[in-house]
Amino acid sequence: MSLIKLVDLKPLIDERGTLVAIDGSKSISFDIKRIYYLFGSSKNVSRGHHAHINLKQLVICISGSCKIILDDGTNREEYLMNSKIEGLLIEGLIWREMHEFSEDCILLVLASELFDESDYIRDYNEFIKEITYV
Ligand code: TYD
(Lines give C-alpha, C1' and ligand atoms only; values in the text may rest on other atoms or scores of the structure.)
Protein backbone atom coordinates (compact mmCIF):
# COMPACT_ATOMS: atom_id res chain seq x y z
CA MET A 1 0.00 0.00 0.00
CA SER A 2 1.26 3.44 -0.90
CA LEU A 3 2.55 5.76 1.83
CA ILE A 4 1.06 8.67 -0.12
CA LYS A 5 -2.41 9.19 1.36
CA LEU A 6 -4.15 12.04 -0.41
CA VAL A 7 -7.22 13.85 0.83
CA ASP A 8 -9.41 15.65 -1.69
CA LEU A 9 -10.14 19.03 -0.09
CA LYS A 10 -13.34 19.52 -2.10
CA PRO A 11 -12.85 23.08 -3.34
CA LEU A 12 -15.92 25.32 -3.64
CA ILE A 13 -15.47 26.94 -7.00
CA ASP A 14 -17.57 29.75 -8.47
CA GLU A 15 -17.01 32.76 -10.69
CA ARG A 16 -15.42 34.62 -7.75
CA GLY A 17 -12.69 32.06 -7.24
CA THR A 18 -12.11 29.06 -5.02
CA LEU A 19 -12.69 28.46 -1.33
CA VAL A 20 -11.34 25.46 0.54
CA ALA A 21 -12.68 24.70 4.02
CA ILE A 22 -11.36 21.96 6.28
CA ASP A 23 -13.52 20.81 9.17
CA GLY A 24 -11.40 18.89 11.67
CA SER A 25 -12.58 15.31 12.21
CA LYS A 26 -15.14 15.70 9.38
CA SER A 27 -12.93 16.46 6.38
CA ILE A 28 -9.97 14.69 7.98
CA SER A 29 -9.44 11.92 10.51
CA PHE A 30 -8.39 14.11 13.45
CA ASP A 31 -9.24 17.28 15.35
CA ILE A 32 -6.88 20.11 14.53
CA LYS A 33 -4.98 21.42 17.56
CA ARG A 34 -2.22 23.34 15.81
CA ILE A 35 -1.45 24.86 12.44
CA TYR A 36 1.87 26.06 11.14
CA TYR A 37 3.31 26.93 7.79
CA LEU A 38 6.71 26.88 6.14
CA PHE A 39 7.91 29.33 3.53
CA GLY A 40 11.10 31.07 2.38
CA SER A 41 13.11 27.88 1.86
CA SER A 42 15.49 27.97 -1.09
CA LYS A 43 15.78 25.19 -3.66
CA ASN A 44 18.88 23.63 -2.14
CA VAL A 45 17.62 23.29 1.44
CA SER A 46 15.85 20.29 2.85
CA ARG A 47 13.63 20.20 5.91
CA GLY A 48 11.95 17.56 7.98
CA HIS A 49 14.30 14.62 8.49
CA HIS A 50 12.28 13.31 11.38
CA ALA A 51 9.37 11.07 12.32
CA HIS A 52 6.67 11.55 14.93
CA ILE A 53 5.49 8.99 17.43
CA ASN A 54 1.85 10.09 17.84
CA LEU A 55 1.27 13.15 15.70
CA LYS A 56 -1.06 13.14 12.69
CA GLN A 57 -0.62 15.83 10.09
CA LEU A 58 -2.26 17.04 6.92
CA VAL A 59 0.19 18.89 4.68
CA ILE A 60 -1.10 21.22 1.96
CA CYS A 61 1.04 23.08 -0.53
CA ILE A 62 -0.93 26.32 -0.77
CA SER A 63 1.62 28.00 -3.04
CA GLY A 64 4.40 26.79 -5.35
CA SER A 65 5.79 23.30 -5.04
CA CYS A 66 8.20 21.03 -3.23
CA LYS A 67 9.02 17.35 -3.09
CA ILE A 68 8.23 15.30 -0.04
CA ILE A 69 9.72 11.93 0.79
CA LEU A 70 7.90 9.51 3.07
CA ASP A 71 9.67 6.47 4.42
CA ASP A 72 8.25 3.74 6.67
CA GLY A 73 11.57 1.98 7.12
CA THR A 74 10.83 -0.45 4.28
CA ASN A 75 9.50 1.72 1.46
CA ARG A 76 10.56 5.21 0.49
CA GLU A 77 8.24 7.24 -1.74
CA GLU A 78 8.60 10.69 -3.22
CA TYR A 79 5.67 12.93 -4.07
CA LEU A 80 5.49 16.31 -5.77
CA MET A 81 3.41 18.68 -3.66
CA ASN A 82 1.89 21.30 -5.95
CA SER A 83 -1.87 21.27 -5.40
CA LYS A 84 -3.92 23.67 -3.30
CA ILE A 85 -6.87 21.31 -3.32
CA GLU A 86 -5.36 18.12 -1.97
CA GLY A 87 -3.77 17.34 1.36
CA LEU A 88 -1.19 14.71 2.18
CA LEU A 89 -2.07 12.80 5.33
CA ILE A 90 0.88 11.64 7.41
CA GLU A 91 0.08 9.39 10.35
CA GLY A 92 1.93 6.62 12.12
CA LEU A 93 5.66 6.19 12.29
CA ILE A 94 6.78 7.76 9.03
CA TRP A 95 10.09 9.47 8.33
CA ARG A 96 9.55 12.61 6.26
CA GLU A 97 11.80 14.95 4.32
CA MET A 98 11.01 17.96 2.15
CA HIS A 99 13.25 18.98 -0.76
CA GLU A 100 13.40 21.22 -3.82
CA PHE A 101 11.22 24.06 -2.58
CA SER A 102 10.16 26.55 -5.21
CA GLU A 103 10.76 30.18 -4.23
CA ASP A 104 7.03 30.72 -3.73
CA CYS A 105 6.41 27.49 -1.84
CA ILE A 106 4.17 27.70 1.23
CA LEU A 107 3.45 24.46 3.05
CA LEU A 108 0.52 24.61 5.42
CA VAL A 109 0.44 21.91 8.08
CA LEU A 110 -2.58 20.97 10.20
CA ALA A 111 -1.59 18.94 13.23
CA SER A 112 -3.47 16.75 15.70
CA GLU A 113 -1.41 17.81 18.74
CA LEU A 114 0.29 20.83 20.22
CA PHE A 115 4.03 21.10 19.68
CA ASP A 116 5.92 18.49 21.69
CA GLU A 117 9.62 17.93 21.06
CA SER A 118 9.46 14.56 22.85
CA ASP A 119 7.17 13.29 20.05
CA TYR A 120 10.00 13.69 17.50
CA ILE A 121 12.47 11.06 16.36
CA ARG A 122 15.23 13.05 14.70
CA ASP A 123 17.77 10.29 14.14
CA TYR A 124 17.19 7.90 11.23
CA ASN A 125 18.86 4.94 12.95
CA GLU A 126 16.73 5.49 16.02
CA PHE A 127 13.65 5.60 13.74
CA ILE A 128 14.59 2.24 12.22
CA LYS A 129 15.05 0.77 15.71
CA GLU A 130 11.67 2.13 16.77
CA ILE A 131 10.00 0.59 13.68
CA THR A 132 11.56 -2.77 14.48
CA TYR A 133 10.10 -2.76 18.01
CA VAL A 134 6.56 -1.74 16.99
P1 TYD B 1 11.07 21.34 12.86
O2 TYD B 1 9.83 20.56 13.09
O3 TYD B 1 12.38 20.69 13.21
O4 TYD B 1 11.11 21.84 11.35
P5 TYD B 1 11.38 21.03 10.01
O6 TYD B 1 11.22 19.60 10.29
O7 TYD B 1 10.39 21.54 9.03
O8 TYD B 1 12.73 21.35 9.54
O9 TYD B 1 10.93 22.72 13.62
C10 TYD B 1 11.92 23.74 13.53
C11 TYD B 1 11.99 24.43 14.87
O12 TYD B 1 10.74 25.05 15.18
C13 TYD B 1 12.31 23.50 16.01
O14 TYD B 1 13.21 24.17 16.89
C15 TYD B 1 11.01 23.29 16.72
C16 TYD B 1 10.24 24.57 16.42
N17 TYD B 1 8.79 24.37 16.30
C18 TYD B 1 7.93 24.91 17.24
O19 TYD B 1 8.34 25.58 18.20
N20 TYD B 1 6.58 24.71 17.09
C21 TYD B 1 6.07 24.01 16.06
O22 TYD B 1 4.82 23.84 15.96
C23 TYD B 1 6.97 23.43 15.10
C24 TYD B 1 6.46 22.62 13.92
C25 TYD B 1 8.32 23.64 15.24
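The values are calculated or read from the model by the stated rules, or taken from the named source; none is laboratory data. Worth saying up front: this structure is predicted, and the values here are computed from it rather than measured. Here Cβ is always computed from backbone atoms with ideal geometry, including for glycine, and neighbour counts include all displayed protein chains. These area figures cover heavy atoms from the full protein model, side chains too; ligands, DNA and RNA do not enter into them. Shrake-Rupley method; radii C 1.70, N 1.55, O 1.52, S 1.80 Å.
Some notes on this structure:
- Helical mean residue ellipticity (222 nm; -39500 (n - 2.57) per DSSP H run of 4+; nearest 500) of the chain: -2000 deg cm²/dmol
- Per-residue packing, averaged as other Cβ atoms within 10 Å, sorts the ranges 113-124, 26-37, 50-61 into the order 50-61, 26-37, 113-124, beginning with the highest.
- Centroid-to-centroid separation of region 96-134 and region 46-75 [C-alpha atoms, Å]: 6 Å
- When you restrict to C-alpha pairs under 8 Å that are six or more residues apart and normalise by the size of region 27-134, the relative contact order lands at 42 percent.
- Accessible area per residue in Å² at 1.4 Å probe, computed on region 1-87: 63 Å²
- Within the accessible surface of the chain, defined with a 1.4 Å probe on protein heavy atoms only, the carbon and sulfur portion equals 52 percent.
- Computed from phi, the 3J(HN,Hα) profile of region 97-103 under the Karplus parametrisation 6.51, -1.76, 1.60 (θ = phi - 60°) reads 9, 10, 9, 6, 5, 6, 4 Hz, with x in place of Gly and Pro.
- The Cα trace of the chain gives Rg and Dmax of 15.1, 53 Å, the first to one decimal, the second as a whole number.
- Cross-link pairs 33/129; 10/67; 5/67; 10/56 - those with Cα-Cα distance over 24 Å: 33/129
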